[in-house]
Amino acid sequence: MDTPAEVAKKAAGKPKRVPQLLRGMKDTLPEEQRYWTFVRQRVEAMAELYSYSQIATPLLEETSLFVRSIGKETDVIEKEIYSFEDKGGDSVALRPEGTAGVVRAYIEHGMLTRPQPVKLFYIGPFFRYDRPQAGRYRQFHQFGFEAIGDAHPVLDAQLMLLVYQFHAELGLPVTLQVNSIGTPQAREGYRKALLDYYRTRKNALCEDCRLRLQRNPLRLLDCKQPDCQLLAQEAPQIIDFLDEASNKHFVQVLEHLDSMEVPYVLNPRLVRGLDYYTGTVFEVWPEERPAELVEPLPEGAPPAEPPVKPGAQSALGGGGRYDLLVESLGGQPTPAIGFAIGIERLILELKFRDTKVGQEPTPDIFVAQLGDAGRKKALRFFEELRRGGFRVTEAFSKDGIKAQMELANRRKVKFTLIIGQKEIMDDTILIRDMESGIQETVDYQKAIPELQKRLLKYGVVEKNGNGGQHLPLPTA
Ligand code: HAM
């Protein structure tokens with residue numbers, strides 16, 4: 001790997017290459033932002049209703065935090081984690097998921113002394129060196145909810161209800177896939193049974209699964225290759241290996257789900273890909289969609305393997321209990337449960353379902369100017385309008401009125417205000433109604449009440465209306 005100095009040296013004297021987006025990364029352009037704003041608002045509203053407080057943990061953490069929580073024999077740690085040595089020689093990693101950091105923060109900030117469960121949510125970027133394909137990036141975003149410090153099964157059910165409601169209220173048809181993977185001891189028994197089952201069927205497995213067989217046989221169950229899926233269907237099921245306590249807990253979770261009429265599918269092959277889970281696990285699957293509506297691959301991405309099939313869209317999100325994680329990271333024994341949803345995948349679904357996500361607010365007024373004195377006064381007036389709660393826009397660097405009118409048209413404002421030399425001399429302002437094209441000169445001192453009156457016709461009431469007074473501004 002080249003150091004920045006070596007990169008600079010190699011680039012010196014060469015024709016300049018336009019820097020390019022890294023593979024698996026994505027720019028979110030202004031026209032996309034309304035989806036992100038929409039999701040963020042929905043997540044925050046839901047968090048408030050269910051009393052989850054926001055937490056933000058760093059993007060960079062000790063590599064060992066992730067290895068110890070996610071497990072060293074998982075795809076995330078073996079293949080996907082971005083870890084490197086920092087300048088102090090420490091091994092650090094870009095966070096591939098959110099639970100580990102939140103648990104670290106819970107322990108480090110002594111949150112055990114707060115009323116339990118501590119309910120936290122987060123929203124932000126995560127990083128996995130994954131193979132890019134539709135809905136899969138190397139930098140992606142999740143929102144996650146974690147309830148730490150309570151083992152009651154009602155918590156599991158309520159969190160699943162929350163996830164289900166969140167999607168239902170967005171008009172997104174999803175199914176909740178539910179399973180229990182019990183304690184590590186139960187899983188050990190199950191692991192042995194799986195090894196026995198696959199021993200004689202090894203040759204039918206894909207190459208990856210043959211490796212998984214040695215390292216993490218539970219992962220064989222969610223391989224997407226058709227042959228492996230066939231074998232998985234006949235494989236022993238974890239539910240038959242559960243200890244009594246896990247069994248009882250799971251039955252209670254399902255009873256709560258039934259009583260709240262949350263639809264779910266029992267999925268005995270659902271094992272999740274992170275080692276910290278114990279007991280209840282679940283995933284949110286989108287309803288199948290036709291092939292032509294599967295998003296095209298990111299530019300420059302190689303063909304997806306296995307190919308993206310209709311309906312083969314992966315989970316929107318998932319989660320489960322991680323009752324042993326706090327303790328295994330050095331905290332007190334503390335049960336916990338959580339989930340995370342991938343925002344890129346959620347937005348794909350919103351687009352596919354044509355969900356109305358609202359427009360970014362558009363300006364109502366364009367402030368146009370002519371000449372130096374006009375520009376100065378317009379700059380000031382713009383500021384007054386903005387502080388008065390009007391939605392305004394401008395193009396102060398433009399000289400010609402034609403260019404400014406074109407912009408005003410393009411931004412679809414309702415009125416354009418023009419301050420030119422004549423208006424400066426008369427202390428007036430020209431108001432142009434963009435729909436009718438009618439222009440009217442009004443006294444500058446009366447401009448604000450005039451605008452309020454006219455905007456009212458369009459149903460616009462400025463947010464912090466100041467009673468039509470010019471606001472005090474420092475003099476120019
Ligand atoms: P996860 O299943 O690894 O769980 O990720 C949750 C969701 O993040 C996935 O279902 C997917 O929507 C999204 N996601 C994952 N990788 C990518 C990617 N490369 N590109 C786009 N989206 C992606 C967790 O991360 C757990 N921390 C969830 C959890 C919270 N469990 C308990 N608390």
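Scanning the stretch 68-94 for residues that are within 15 Å of the ligand (Cβ to nearest atom) and not in a loop (DSSP other than H, G, I, E, B) gives ARG68, SER69, ILE70, ASP75, VAL76, ILE77, GLU78, LYS79, GLU80, ALA93, LEU94.
In the set (1) touching a helix residue (DSSP H, G or I) at 6+ places or on another chain (Cβ under 9 Å); (2) surrounded by 17 or more Cβ atoms within 10 Å (Cβ to Cβ), ALA47 fails one condition alone, (1).
In summary, LYS192 fulfils each of the numbered conditions (1) modelled with pLDDT under 90; (2) charged (D, E, K, R); (3) part of a helix (DSSP H, G or I) with the single exception of condition (1).
Could you say whether any residue in the stretch 339-361 is within 30 Å of PHE66 (Cα to Cα), in contact with a Leu (Cβ under 8 Å, 6 or more places away or on another chain), hydrophobic (A, V, I, L, M, F, W, C) and not in a helix (DSSP H, G or I)? The answer is yes, given that some residue of the stretch 339-361 is within 30 Å of PHE66 (Cα to Cα), in contact with a Leu (Cβ under 8 Å, 6 or more places away or on another chain), hydrophobic (A, V, I, L, M, F, W, C) and not in a helix (DSSP H, G or I). If you filter the stretch 353-378 down to residues that are touching an Asp or Glu at 6+ places or on another chain (Cβ under 9 Å) and among the small types (Gly, Ala, Ser), you find that the one that is surrounded by the fewest Cβ atoms within 10 Å (Cβ to Cβ) is GLY371. So, of the residues in the stretch 11-27 that are surrounded by 10 or more Cβ atoms within 10 Å (Cβ to Cβ) and charged (D, E, K, R), which turns out to be farthest from the ligand (Cβ to nearest atom)? Only one residue fits best here, namely ARG23.
Condition check for LEU350 on (1) surrounded by 15 or more Cβ atoms within 10 Å (Cβ to Cβ); (2) in contact (Cβ under 8 Å) with a residue 60 or more places away in the chain; (3) more than 16 Å from the ligand (Cβ to nearest atom): one failure, at (3). Looking at GLU97, GLU146, just one residue is assigned to a loop (DSSP other than H, G, I, E, B), buried (at least 19 other Cβ atoms within 10 Å of the Cβ), in contact (Cβ under 8 Å) with a residue 40 or more places away in the chain and within 14 Å of the ligand (Cβ to nearest atom), and that residue is GLU97. Here ASP323 meets the list (1) part of a loop (DSSP other than H, G, I, E, B); (2) away from the ligand (no atom under 16 Å from the Cβ) almost entirely, failing just condition (2). Out of everything in the stretch 112-129 that is under 17 Å from the mean Cα position of the chain (by Cα) and not small (Gly, Ala, Ser), what residue ends up being farthest from the ligand (Cβ to nearest atom)? Step by step, filter the stretch 112-129, then rank; the result is ILE123. Residues in the stretch 379-428 that are farther than 11 Å from GLN369 by Cα, free of Cβ contacts under 8 Å to residues at least 12 places away in the same chain and surrounded by 15 or more Cβ atoms within 10 Å (Cβ to Cβ): 1 in all.
The values are calculated or read from the model by the stated rules, or taken from the named source; none is laboratory data. Predicted model only: the values in this text are computed from it and were never measured. Backbone-built Cβ (ideal geometry, glycine too); neighbour counts: all protein chains shown.
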